[in-house]
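All remarks here apply to the structure that follows.
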Amino acid sequence: MSITCRAYSAEPFFTEDYLKVREFLLRINHYDLYEVNFTWTRWEWMTTHASLDRTLLSRIGLWEDQEQLVALATYESTLGEAFLITDPDYRYLLPEMMDYAKANLHRQHSLTLVVSDHDRIMQRIAATKGFMPTTKGDHTSIIDLDKHFEYVLPEGFRIISKADSWDWHQYNRVMWYGFNHEGTAPTDDETIAARKQMLSSPMILPELVLAVVSPDGEYVSHCGAWYHSLNDAAEIEPVATDPRYRKMGLGRAVVYEALNRCAKLGAKYALVGSSQQFYYQIGFHPHHHESLWIRKQTE
């Protein structure tokens, strides 16, 4: 068995390497939810996100066995963070991958490694490579899609999808206010182009990009969902509600509509990368936690 390591393409967006990574992430979760903290949907969202530093793409490491991708070392937005993902049969590559991350993904010799709390093997390797755990981390929650989720919208409100019609300025508006940005939502061409880019993934199903529309035509709540028939899991990302319209059941309604649509397509459960009480109140349960490990500074 001859394993080769190479750099990811420096070319951004939807290249052959992008496809190879996506297929790898789909494949390793095909039969079971093996990899939770960096799924194919996270890769899609990362690829099109405005915060991604695309000048650093060649720092991403790919390990291949006869041209089949078996392991990935990547950052998500910029250097200083690392996700190490392997095919279950290639976990012996983890020490080498950790060394690669230390050499290529650090930021001024600082590196944060994302490690599942259930992965004792990676924890032990990380400790020997100079990392130590912190109290910071990320949560993933889960909900079964074995029932229809009922909801009621206030009078005059309705749910639309990108497949029906889509107003990019209204989408920008709900994302701006829904994520608690201050000031008036910008309307310049560059901002709108960035919003369009964030929904440009070829894997997006337009019927799973939803918005609650108010009686006066404003988008006031939004939910995006992702699903592929190769995996049983759908994923919810992102969810945002205009602060002026919170506590009205709109977030619950738009998430429930997304879950119902994912179930109709064949999803058996859905994940969301959050531990917010909102998700627990609407039926999600804690599922997975990964801690952030920092590299001890020796330089």
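Tell me the residue from Ala225, Ala185, Ala163 that is modelled with pLDDT of 95 or more and more than 30 Å from Ile28 (Cβ to Cβ), please.
Working: Ala225 fails: more than 30 Å from Ile28 (Cβ to Cβ); Ala163 fails: more than 30 Å from Ile28 (Cβ to Cβ).
Just one listed residue meets the conditions, Ala185.
Only one residue in Thr15, Thr41, Thr47, Thr4 is within 17 Å of Gln197 (Cα to Cα), in contact with a strand residue (DSSP E or B) (Cβ under 8 Å, 6 or more places away or on another chain) and at pLDDT 95 or above. Which one? Let's see the steps before the verdict.
Values: Thr15 fails: in contact with a strand residue (DSSP E or B) (Cβ under 8 Å, 6 or more places away or on another chain); Thr47 fails: in contact with a strand residue (DSSP E or B) (Cβ under 8 Å, 6 or more places away or on another chain); Thr4 fails: within 17 Å of Gln197 (Cα to Cα).
Exactly one residue qualifies, and that residue is Thr41.
Of Tyr227, Tyr171, which residue is within 19 Å of Leu265 (Cα to Cα) and aromatic (Phe, Trp, Tyr)? Show your work before the answer.
Working: Tyr171 fails: within 19 Å of Leu265 (Cα to Cα).
Going through Tyr227, Tyr171 in turn, the sole match is Tyr227.
A quick yes/no check of all residues on (1) in a strand (DSSP E or B); (2) buried (at least 20 other Cβ atoms within 10 Å of the Cβ):
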residue: Thr4; (1), (2): yes, no
residue: Phe24; (1), (2): no, yes
residue: Tyr34; (1), (2): no, no
residue: Trp43; (1), (2): no, yes
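Within the stretch 125-142, restricting attention to residues that are hydroxyl-bearing (Ser, Thr, Tyr) and closer than 21 Å to Ala101 by Cβ, which residue is most open to solvent (accessible area, probe 1.4 Å)?
Kept after step one, since they are hydroxyl-bearing (Ser, Thr, Tyr), are these residues of the stretch 125-142: 128, 134-135, 140-141.
Filter once more, so that each one left must be closer than 21 Å to Ala101 by Cβ: 128, 134.
On the way: Thr128: 111, Thr134: 43 Å².
It comes out as Thr128.
Out of Val209, Val152, I need the residue that is closer than 28 Å to Gly283 by Cβ and crowded, with 18+ Cβ neighbours inside 10 Å. Which one?
On the way: Val152 fails: crowded, with 18+ Cβ neighbours inside 10 Å.
Answer to the selection: Val209.
Per-residue answers, yes or no, for (1) of a type outside the set (S, T, N, Q); (2) out of contact with any helix residue (DSSP H, G or I) (no Cβ under 7 Å at 6 or more places or on another chain):
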{"residue": "Ser9", "(1), (2)": "no, no"}
{"residue": "Val70", "(1), (2)": "yes, no"}
{"residue": "Ala82", "(1), (2)": "yes, no"}
{"residue": "Asp89", "(1), (2)": "yes, yes"}
{"residue": "Leu94", "(1), (2)": "yes, no"}
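Would you pick out the residues in the stretch 97-124 that are open to solvent by 40 Å² or more (accessible area, probe 1.4 Å) and under 26 Å from Leu56 (Cβ atoms)? Spell out how you get there, then give the answer.
So in the stretch 97-124, the residues open to solvent by 40 Å² or more (accessible area, probe 1.4 Å) come out as 99, 102-104, 106-110, 117-118, 120-121, 124.
Once the filter is applied, which keeps residues that are open to solvent by 40 Å² or more (accessible area, probe 1.4 Å) and under 26 Å from Leu56 (Cβ atoms), the stretch 97-124 yields Asp99, Lys102, Ala103, Asn104, His106, Arg107, Gln108, His109, Ser110.
Quick one: which strands (runs of 3 or more DSSP E) sit completely within the stretch 52-100 and have at least 2 residues that are closer than 15 Å to Ile125 by Cα and in contact (Cβ under 8 Å) with a residue 24 or more places away in the chain?
81-86
Of the residues that make up the stretch 58-73, is at least one among the aromatic types (Phe, Trp, Tyr) and closer than 19 Å to Tyr34 by Cβ? First the steps, then the outcome.
First pass over the stretch 58-73, keeping only residues among the aromatic types (Phe, Trp, Tyr): 63.
Cutting the leftovers down to closer than 19 Å to Tyr34 by Cβ gives us 63.
Yes; the residues of the stretch 58-73 include at least one that is among the aromatic types (Phe, Trp, Tyr) and closer than 19 Å to Tyr34 by Cβ.
May I ask you to say which residue of Leu57, Leu69, Leu111 is touching a Lys or Arg at 6+ places or on another chain (Cβ under 6 Å), farther than 26 Å from Pro133 by Cα and hydrophobic (A, V, I, L, M, F, W, C)?
Details: Leu57 fails: touching a Lys or Arg at 6+ places or on another chain (Cβ under 6 Å); Leu111 fails: farther than 26 Å from Pro133 by Cα.
That would be Leu69, the only listed residue that is touching a Lys or Arg at 6+ places or on another chain (Cβ under 6 Å), farther than 26 Å from Pro133 by Cα and hydrophobic (A, V, I, L, M, F, W, C).
Which is of a type in the set (Ser, Thr, Tyr), touching a residue at least 24 places away in the same chain (Cβ under 8 Å) and open to solvent by less than 30 Å² (accessible area, probe 1.4 Å), of Tyr280, Tyr256, Tyr245?
Working: Tyr280 fails: open to solvent by less than 30 Å² (accessible area, probe 1.4 Å); Tyr245 fails: open to solvent by less than 30 Å² (accessible area, probe 1.4 Å).
Within the list Tyr280, Tyr256, Tyr245, the selection yields Tyr256.
Give the residues of the stretch 259-277 that are in a helix (DSSP H, G or I), basic (Lys, Arg) and in contact (Cβ under 8 Å) with a residue 40 or more places away in the chain, sorted by residue number. Lay out the reasoning, then the answer.
Our first condition is that a residue be in a helix (DSSP H, G or I); within the stretch 259-277, this holds for 259-265, 277.
Next, from what is left, pick out any that are basic (Lys, Arg): 261, 264.
Within the stretch 259-277, Arg261 is the sole residue that qualifies.
Pick out the one residue from Ser275, Ser291, Ser214 that is among the polar types (S, T, N, Q) and open to solvent by less than 10 Å² (accessible area, probe 1.4 Å). I'd like the intermediate steps shown before the answer.
Values: Ser275 fails: open to solvent by less than 10 Å² (accessible area, probe 1.4 Å); Ser291 fails: open to solvent by less than 10 Å² (accessible area, probe 1.4 Å).
Result: Ser214 is the single residue among Ser275, Ser291, Ser214 that is among the polar types (S, T, N, Q) and open to solvent by less than 10 Å² (accessible area, probe 1.4 Å).
Mind checking which residues of the stretch 63-77 are open to solvent by 10 Å² or more (accessible area, probe 1.4 Å) and either at pLDDT 95 or above or under 16 Å from Arg22 (Cβ atoms) (or both)?
First, pick out the residues of the stretch 63-77 that are open to solvent by 10 Å² or more (accessible area, probe 1.4 Å): 64-68, 76-77.
Matches in the stretch 63-77: Glu64, Asp65, Glu67, Gln68, Glu76, Ser77.
The values are calculated or read from the model by the stated rules, or taken from the named source; none is laboratory data. Since this is a predicted model, take the numbers as computed values, not measurements. Neighbour counts run over all protein chains shown; Cβ positions are idealised from the backbone, glycine included. Accessible surface areas use protein heavy atoms only, side chains included; no ligands, DNA or RNA. Shrake-Rupley method; radii C 1.70, N 1.55, O 1.52, S 1.80 Å.
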